[in-house]
Amino acid sequence: MTDSNLTEALKDMAFELGADFIGIADRSSFEKSEYTGNKPQDVMKDLQSVIILGVSVPRGAFETLPKGRGEYTNTLMAATATLRIIAFQLAKRIEKEGYMATIAPSEGSEYGYWYADRETLKGDLSFKYAAYQAGIGNFGMNHLLITKDFGPKVRMTGILTDAPLDTEEKAELPLVNDACSKCLKCIDICPVDALTEEGVIHREKCAEYMFNELGGLRCGLCIKVCPLNQF
Ligand code: SF4
Ligand code: SF4
């Protein structure tokens, strides 16, 4: 049985604190055969739910790329900081009800790929897949989440909890956004050919470019060119 009252309270709280979207994926989402990421239940044994929280990122951060890489990186970090504060308050609220909660690190934190597995460059779970399962959006050829309301111009974080929260009935979205097959702009713009038409991402090329060539500043060109601000 799910805790509907807590689910509603967490959603209200998230919006009051400044989140632009929130969704919930349950434990079984990460047991599907199409999921190739790490499992959050390997971190929290009794995990029942993953809460995905997100904010949209101001348009100016993208429009000013590539010259404004410093501003872009700083704006992303501000979004991450905002989400951490919201997530912290939600985690405390969950624990007031007697459950357990912890906040999963974002891959693109100020520590770069610090939290990711050094070989696969994958985090402890895919926020993007969790968000897909929660009905927030689907994937683009840029391997980012294309959200319904803000396209790929978002930042997300996730809370792992053993609280059994409500997952909404949602329309099944295709895994990859339909618009991508006629576009491919993100593949063309990538300076290091990290994205391919076959849908592969070479994470190491992207990481090498940002953390070595750009000295830790973020690139963001595959988001800037994406025409999907919403769908
Ligand atoms: S962030 Fe830049 S380097 Fe990485 S995939 Fe996108 S365009 Fe390529
Ligand atoms: S730039 Fe084009 S191909 Fe790439 S994610 Fe956006 S819509 Fe899809």
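The values are calculated or read from the model by the stated rules, or taken from the named source; none is laboratory data. Everything quoted here is computed from the prediction, not taken from an experiment. Counting neighbours? That spans all protein chains shown, and the Cβs are built from the backbone with ideal geometry, glycine included.
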**Request:** Consider only pairs whose beta carbons are under 8 Å apart and that are at least six residues apart or on different chains; among these, list those whose first residue lies in region 176-198 and is without any contact (Cβ under 8 Å) to a residue 40 or more places away in the chain and whose second residue is of a type in the set (Phe, Trp, Tyr) and within 11 Å of ligand 1 (Cβ to nearest atom).
**Result:** 191/209; 192/209; 194/209
**Prompt:** residue 27 fails exactly one of the following numbered conditions: (1) under 14 Å from the mean Cα position of the chain (by Cα); (2) of a type outside the set (A, V, I, L, M, F, W, C); (3) surrounded by fewer than 20 Cβ atoms within 10 Å (Cβ to Cβ). What is the number of that condition?
**Reply:** (1)
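Yes or no, residue by residue, for (1) under 28 Å from residue 41 (Cα atoms); (2) at pLDDT 90 or above:
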| residue | (1), (2) |
| --- | --- |
| 149 | no, yes |
| 155 | yes, yes |
| 164 | yes, yes |
| 189 | no, yes |
| 198 | no, no |
**Asked** Do the conditions hold for residue 25, that is, is it part of a strand (DSSP E or B) and of a type in the set (A, V, I, L, M)?
**Response** yes
**Item:** Among (1) within 18 Å of residue 54 (Cα to Cα); (2) surrounded by 18 or more Cβ atoms within 10 Å (Cβ to Cβ); (3) within 16 Å of ligand 2 (Cβ to nearest atom) - the single one residue 148 does not satisfy
**Value:** (2)
**Prompt:** If you go through region 123-145 one residue at a time, how many are polar (S, T, N, Q), part of a strand (DSSP E or B) and crowded, with 23+ Cβ neighbours inside 10 Å?
**Reply:** 0
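Please verify whether residue 141 is within 16 Å of ligand 1 (Cβ to nearest atom), in contact with a helix residue (DSSP H, G or I) (Cβ under 8 Å, 6 or more places away or on another chain) and among the hydrophobic types (A, V, I, L, M, F, W, C), treating the condition exactly as stated.
Values: within 16 Å of ligand 1 (Cβ to nearest atom): yes; in contact with a helix residue (DSSP H, G or I) (Cβ under 8 Å, 6 or more places away or on another chain): yes; among the hydrophobic types (A, V, I, L, M, F, W, C): yes.
Yes.
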**Fill in**
Checked region 212-228 for anything farther than 21 Å from residue 154 by Cα and outside any loop (DSSP other than H, G, I, E, B); matches are 212, 213
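How many residues are under 17 Å from residue 156 (Cα atoms) and not in a loop (DSSP other than H, G, I, E, B) if we restrict to region 51-61?
Going residue by residue through region 51-61, those that are under 17 Å from residue 156 (Cα atoms) are 51-59, 61.
Filter once more, so that each one left must be not in a loop (DSSP other than H, G, I, E, B): 51-56, 61.
Qualifying residue count for the region: 7.
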**Item:** Unmet criterion (only one of (1) in contact with a Leu (Cβ under 6 Å, 6 or more places away or on another chain); (2) part of a loop (DSSP other than H, G, I, E, B); (3) of a type in the set (Ser, Thr, Tyr)) for residue 157
**Value:** (2)
**Complete:** Within region 189-230, the residues that are closer than 16 Å to residue 144 by Cβ, surrounded by fewer than 16 Cβ atoms within 10 Å (Cβ to Cβ) and more than 10 Å from ligand 1 (Cβ to nearest atom) are 196, 199, 200, 227, 229, 230
